Structure formats: C-alpha cells, structure tokens
C-alpha cells in the first residue's frame with residue numbers, strides 16, 4: 001500500500017470506523033487512540049483485502065478487536081467513560097438523541113455493535129456473524145433482544 | 001405460526017416482522033390486532049431513531065496524526081532497515097569510528 005492509497009482508505013473509512021469505536025467504547029478519548037492504532041495496523045499490514053466489501057468487513061473486525069483489547073487493558077476506562085457521557089449529553093444536536101444514547105449505553109457492547117452495523121451501516125446478520133465469529137441466528141437474537149429492551153425503556157419514558 | 005386475535009405472536013416474531021418480511025398469517029393477525037401493530041410501529045421507530053443518530057466527524061488533529069502515519073517509510077521497516085544496513089554506509093562507519101575514538105579518549109583521560 002502506498003501513501004496515496006492509505007489516505008484514500010482513511011477518507012473512505014475513517015469516519016465510519018471512528019463512530020463504530022465510539023459506539024463500542026462510549027468514550028471519545030480512548031476512541032482517538034484506537035482509531036490511530038487501527039490505521040497503524042492497516043499501514044503495517046502486508047495483506048489488506050483488495051475487494052471493497054471485504055476490506056470494509058476486515059477493517060470493522062480489526063477495529064472491534066482493537067477496541068476490546070483496549071478496554072481490557074484500560075484501567076482508566078470507567079473515569080473516561082463518565083467524562084465522555086457528560087460531554088455528549090451537554091451538546092446534543094437532536095433534543096431526543098441524548099436520551100436514546102443513554103439507553104444505548106446501557107446495552108451490552110456486542111448488542112450495541114450489532115445495532116450499529118445493522119441499522120447504521122446496513123450489514124446483514126450473516127455478514128455481522130462472520131465478523132463476530134457467531135452464528136447468524138445468534139446475531140439476530142442479540143439484535144432482537146436489544147431492540148426489545150430499547151423499546152421497553154423508551155416507551156416507559158413516554159408514559 | 002398460529003396467530004389468532006387471542007393468541008399473539010412472540011416478541012421475536014413481531015420484531016422480525018418489523019425489520020424483515022413476515023409470513024401471511026402473521027401479517028393478517030397484525031392488520032387486525034392494534035396491540036401487535038403498535039408494537040411493530042414502536043420497534044420501527046426505535047430502529048429509525050438509531051439509524052438517524054448523527055455520526056460525529058473525526059477530530060481534525062486526529063486526522064492529521066493518522067495521515068502522518070503514512071509519511072515516509074513504514075516506521076518498523078525504517079528501524080529494521082537502518083539496523084541491517086548502517087555498516088554499509090561509509091559516512092555512518094566514519095561517524096561510528098569517530099565516536100568510538102572519542103569515547104576511548106574520554107575514558108583514558110579519566111584514568112590518566
């Protein structure tokens with residue numbers, strides 16, 4: 001990969017990956033370190049997939065693994081997470097977004113990741129299953145469980 | 001699935017119906033059952049709201065740091081290449097020799 005290709009990859013995928021990390025970690029500070037590490041891995045990698053869809057899945061898989069490694073290692077996580085939540089709630093562009101985000105934060109990481117990949121990026125359950133090393137049915141069950149829980153908590157707010 | 005008005009489908013079946021295609025019997029039940037039809041609408045609303053959450057831009061300083069990764073040679077390759085080839089460069093051999101002589105001179109002058 002040359003410098004030009006690397007820059008193109010950053011422009012094509014940087015924002016998606018940044019937001020995916022944000023959804024996994026719920027933490028802006030750690031998110032920056034992780035995105036940087038993902039691109040260092042990409043730059044050093046000798047065998048990056050050439051096919052665009054495969055490349056996107058590869059990047060998302062590497063990103064999630066890097067996030068999980070960071071979260072395991074980081075003892076500062078709880079403190080930074082709290083800081084991030086406060087920042088995010090104080091600057092909402094949509095009045096209801098902070099409330100929905102708060103509910104999303106309470107979901108397990110895997111369910112949040114599945115919702116992001118399925119509802120925001122548009123990956124199928126099959127593709128997510130391949131990325132997460134799960135069965136398609138398991139991914140579907142986790143997505144349904146997350147939506148059911150969100151519906152319950154959000155409809156409680158309206159009552 | 002047998003879904004009459006008194007026999008509501010499971011939550012999972014309703015969520016599947018909200019997000020994907022549903023079978024004929026289930027569709028008939030939902031059309032006649034306000035409770036199930038509301039449930040489906042709520043799931044669709046939640047899904048739409050999630051999809052509508054705005055993506056944040058990558059902070060400018062982070063973008064600059066990431067794009068700098070690709071400047072020049074790969075960091076690990078650069079170090080490895082240097083370690084493997086420095087002795088082939090006459091200038092570096094000269095520097096290393098001069099450094100060794102200076103170090104030796106400094107050590108000797110301390111002892112004498």
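Quick one: Cα convex hull volume of region B:11-52, Å³ per residue?
For region B:11-52, the hull spanned by Cα atoms encloses 59 Å³ per residue.
Just counting partner chain Cβ atoms within 10 Å, what average do the residues of peptide A:11-23 show around their Cβ? Intermediate values should be presented prior to the final figure.
Values: counts 2, 0, 0, 6, 5, 2, 1, 8, 6, 1, 0, 2, 3.
Mean number of neighbouring Cβ atoms from other chains: 3.
Average the reciprocal distances over every distinct pair of alpha-carbons in region A:95-159, invert the result, and give the Kirkwood radius in Å.
About 12.3 Å for region A:95-159.
If r is the Cβ-Cβ distance from residue A:7 to residue A:138 and R0 is 30 Å, what FRET efficiency results, to the nearest 0.05?
0.20
Can you tell me which of A:40-46, A:100-106, A:20-26 comes out highest on packing, and rank the rest after it, using the mean Cβ neighbours within 10 Å?
Listed from highest to lowest mean packing, they are A:20-26, A:100-106, A:40-46.
Report, as an integer, the average count of C-beta atoms from other chains found within 10 Å of each Cβ along A:140-146.
4
Ignore the peptide's own chain and count Cβ atoms of other chains within 10 Å of each Cβ in B:37-49; give me the average, rounded.
Neighbouring Cβ atoms belonging to other protein chains average 4 per residue here.
Every number in this text was worked out from the coordinates using simple rules, so none of it is lab data. Keep in mind that what you see is a predicted model, and the values were worked out from it rather than measured. For neighbour counting, all protein chains shown are included, and Cβ atoms are generated from backbone atoms with ideal geometry for every residue, glycine included.
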